[in-house]
Amino acid sequence: MLSNIVSIANYYSPLISAIAALITAIATGVLAILTHKYIREIRSERKFRLMLDHTNDLKKNVIDPWIKELNEIKIGEEYPYIPNLGKIAVVNGEYNYYKGEDLNVEKHDLFADLRNHLNAEVFKKYESFKKNCKKIWEIHSRIKERLKDELKKFINNFIKSNEFFEIDNATNFLIDYLYRKKLSEKGYLKFEGLIVEESRSNKVGFDYMLGYKVNTRSWYFFHAKNSQKQTRKIDFEREIGKLLYNIEKKLEKELEEICKLIINTKSNHKSILGKLSKSKHYKIFKGECEYVKIS
């Protein structure tokens, strides 16, 4: 009996060895596959973590500061309408104009790298935005100089020696008037013309004010003797009307160009902020235009 078992074992020994070898090979192969898969998953997880950290660095050091700086720039909302950073802390309340300079965020090392992750259209719009802001400032400066020249002629021809007239305030007011009127013609702002009435200011030496029917901004101007007040008011309304008409004609091209730029630049500004804000809702930046959304 035992000899039969031994004989059978010897007979099937090659087969058993082959099966054992096959099982070992399969087990080794499966282990190799599992090991490779495990290593790949570790590498994938590590790569994901690196991309996640990099994305968070970009958001913290570039995207958030970029949004903050862009939000500080005001365009076309109220006087002076052209790109500005609001009033600077001085007595006369001058505006800190934005003239298309590079923003501080561009100095960060990661700013250039962001181009590898965001759509190129964002940067194209941004460069266009800065270029237009610079152009707006250049046109605005020319308009302001032309206005001052016209106002000097106005003073020489109309204002009497015993009357007071603030040329700088008048220049700013007329810029406000001209830009707001032109922007209203494009459906961008509301404007209902000018009013001239007795001054409600407690400033000494100002008898009348020139203002808007729908705007709190006003310009207080010359002082006249009591016996001349009404006559001078009528004269002023007539003369200021002529002045504004002539200025609009002379500066028609510049006013048209600057108001188009203001509207387009405001739209560009809003679009850039929208795209940057949208990018904050992605978990990782894998590459240009490739994102993983936050679930």
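The values are calculated or read from the model by the stated rules, or taken from the named source; none is laboratory data. These numbers come from a predicted model, not from an experiment. Ideal geometry is used to build each Cβ from the backbone, glycine not excepted, and the neighbour counts take in all protein chains shown. Only protein heavy atoms, including side chains, enter the accessible area calculation; ligands, DNA and RNA are left aside. Shrake-Rupley method; radii C 1.70, N 1.55, O 1.52, S 1.80 Å.
Brief remarks on what is shown
- Given (1) part of a helix (DSSP H, G or I); (2) more than 30 Å from residue 59 (Cβ to Cβ); (3) at pLDDT 90 or above, number of the condition residue 168 does not satisfy: (3)
- Residue match in the stretch 58-70 (condition: in contact with a His (Cβ under 9 Å, 6 or more places away or on another chain), touching a residue at least 60 places away in the same chain (Cβ under 8 Å) and assigned to a loop (DSSP other than H, G, I, E, B)): no
- So residue 119, is it touching an Asp or Glu at 6+ places or on another chain (Cβ under 8 Å), over 30 Å from residue 175 (Cα atoms) and either acidic (Asp, Glu) or exposed (fewer than 14 other Cβ atoms within 10 Å of the Cβ) (or both): yes
- Summed over the stretch 168-188, residues that are free of Cβ contacts under 8 Å to residues at least 40 places away in the same chain and either of a type in the set (Val, Ile, Thr) or open to solvent by less than 40 Å² (accessible area, probe 1.4 Å) (or both) total 2.
- Selection status of residue 130, assigned to a helix (DSSP H, G or I), modelled with pLDDT under 90 and either surrounded by 15 or more Cβ atoms within 10 Å (Cβ to Cβ) or acidic (Asp, Glu) (or both): no
- Residue that is nearest to residue 141 (Cα to Cα), among those in the stretch 60-94 that are crowded, with 16+ Cβ neighbours inside 10 Å and over 17 Å from the mean Cα position of the chain (by Cα): 79
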